[in-house]
1. Treating only the Cβ of Lys, Arg, Asp and Glu as charged (+1, +1, -1, -1), what charge dipole size does region 81-210 show about its Cα centre? Round to the nearest 20 debye.
2. Normalising by the residue count of the chain, find the relative contact order in percent from Cα pairs under 8 Å and 6+ residues apart.
3. Treat every Asp and Glu Cβ in region 18-134 as -1 and every Lys and Arg Cβ as +1, leave all other atoms uncharged, and give the resulting dipole magnitude about the Cα centre to the nearest 20 debye.
4. Taking a threshold of 30 Å on the Cα-Cα distance, which of the pairs Lys231/Lys329; Lys67/Lys328; Lys156/Lys231 fall above it?
5. How much of the DSSP bridge set in region 69-219 is antiparallel, in percent, rounded to the nearest 5?
6. Residue-wise, which Karplus ³J(HN,Hα) couplings in Hz belong to region 277-287, taking 6.51 cos²θ - 1.76 cosθ + 1.60, θ = phi - 60°, and x for glycine or proline?
7. Give, as a single signed number, the net charge of other residues whose beta carbon lies under 12 Å from the beta carbon of His23, with Lys and Arg counted +1 and Asp and Glu -1.
8. Highest mean first, what order results for 212-224, 316-328 on Cβ atoms within 10 Å?
Amino acid sequence: MATPPSTPRAVDVELGARRYPIHIGPGLLDDALRLAALAPGRHVLIVSDANVAPHYLARVEAAFAGKRVASHILPPGEQEKTLARFGELMTALAALGASRDATLIALGGGVIGDMTGFAAACWMRGVRFVQLPTTLLAMVDSSVGGKTAVDLPEGKNLVGAFHQPSAVIADTATLATLPDRELRAGLAEVIKYGALGDAAFFDWVQANAPALLDRDTDALAHAIATSCAHKAGIVARDEAETGERMLLNLGHTFGHAIEAEQGFGGLVHGEAVAVGMVLAARLSAELALAPAADTERLVAALHALGLPTAVPEGLDPDALLARMRLDKKNLSGTLRLILWRGIGQAFVATGIDEAAVRGVLARG
Ligand code: NAD
Ligand code: GLY
């Protein structure tokens with residue numbers, strides 16, 4: 001698969017009578033008119049974090065000049081995706097006097113996007129919000145599809161709502177300031193689309209790993225647009241995650257358990273998903289559902305992207321398994337996992353033997 005040249009791109013998310021655009025391209029945050037049009041009401045609350053705001057907040061604030069605008073800057077990191085920080089956003093909206101036609105703007109990565117979206121879902125039972133993703137992970141996954149949430153110490157994303165953004169504006173120039181580790185974490189979610197349903201895209205990501213890690217503009221634009229097209233299609237077919245959308249969680253049940261067990265201060269989300277995908281592949285092979293060679297191909301591709309593939313030292317398999325029992329996909333207390341029949345062929349598996357899962361966790 002060749003890499004098409006980088007040009008601004010748009011993907012629509014179509015949800016029956018509703019739809020919203022994802023715009024992808026360099027310099028989109030400089031388009032003040034486009035941004036201003038996204039907030040038709042009087043009140044705007046911009047939410048960002050302390051790493052992102054110094055680079056990009058002034059530009060976004062300027063676009064909404066003339067409205068009643070407040071900005072709320074949070075400390076960065078998954079540890080901040082809490083009910084307490086969500087409460088701060090409610091207080092900020094009250095201080096702003098935000099009415100039902102208010103717009104919330106999420107300027108940052110998935111942590112800011114998930115939390116701002118949840119605040120928008122709850123304020124006055126639901127107001128508009130716009131995603132301005134600034135991490136690769138947020139551009140390819142979290143800003144699209146309307147899953148919003150905060151974490152509890154007991155587990156990831158346990159409190160949340162489905163609430164779709166009005167638009168997603170992914171300014172790819174913001175990736176210039178993204179730390180390398182976070183770029184690699186985003187690439188885990190990119191290759192996930194290949195692993196779960198598009199073997200040709202998997203091969204393209206693996207072959208283009210050096211260009212992607214080098215931040216080659218064309219390669220990144222192609223990776224983002226292809227990922228968004230996959231996500232938009234799946235969300236359009238299954239917005240509320242009753243079936244196909246569960247496939248997007250490939251690696252996530254394992255990964256979320258690792259993140260929670262590490263107190264949300266160890267592997268970052270994309271890294272945990274990389275490890276989780278390997279565990280899902282290994283379990284599939286051990287249950288004779290998939291060739292073991294495909295696990296090795298996945299491990300090689302993740303290594304090429306500079307991602308971890310093993311459970312971090314010191315984590316207790318029983319504690320991880322207990323965390324997995326609290327996953328949102330489970331029904332009536334039985335584990336539901338995303339497994340695969342090989343690269344590009346993920347499926348939803350129920351009734352899995354917990355001893356087999358524990359074995360994979362223990363061997364890491
Ligand atoms: P993040 O929001 O913590 O951002 C990663 C780090 O990069 C942070 O330190 C942040 O301050 C910094 N940063 C962000 N943009 C930057 C930039 N342009 N320049 C410099 N620094 C920048 O993490 P993330 O990986 O973007 O998102 C992970 C979160 O997304 C997790 O909470 C995960 O659960 C969630 N998620 C949600 C969905 C969904 O569908 N809603 C999907 C996938 C992941
Ligand atoms: N990231 C999983 C989903 O949006 O469904």
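The values are calculated or read from the model by the stated rules, or taken from the named source; none is laboratory data. Just so it is clear, the model here is predicted, and its values are computed rather than measured. FYI the Cβ positions are ideal-geometry reconstructions off the backbone, even for glycines, and counts take in every protein chain you see. The area values use the complete protein model at the heavy-atom level, side chains included, leaving out ligands, DNA and RNA. Shrake-Rupley method; radii C 1.70, N 1.55, O 1.52, S 1.80 Å.
1. Numbers: 10 positive and 12 negative charges, 73 e Å.
Magnitude of the dipole: close to 360 debye.
2. Numbers: 743 pairs, mean separation 58.6, N = 364.
After rounding, I find 16 percent.
3. Values: 12 positive and 9 negative charges, 110 e Å.
Roughly 520 debye, rounded to the nearest 20.
4. Working: Lys231/Lys329 18 Å; Lys67/Lys328 39 Å; Lys156/Lys231 21 Å.
Over 30 Å apart, Cα to Cα: Lys67/Lys328.
5. On the way: 5 of 13 bridges.
Percent antiparallel among DSSP bridges in region 69-219 is about 40.
6. Each residue's phi maps through the Karplus curve to give 5, 5, 5, 5, 5, 5, 4, 4, 5, 5, 8 Hz.
7. -1
8. Details: 212-224: 20.0, 316-328: 16.7.
By packing density, highest mean first, the sequence is 212-224, 316-328.
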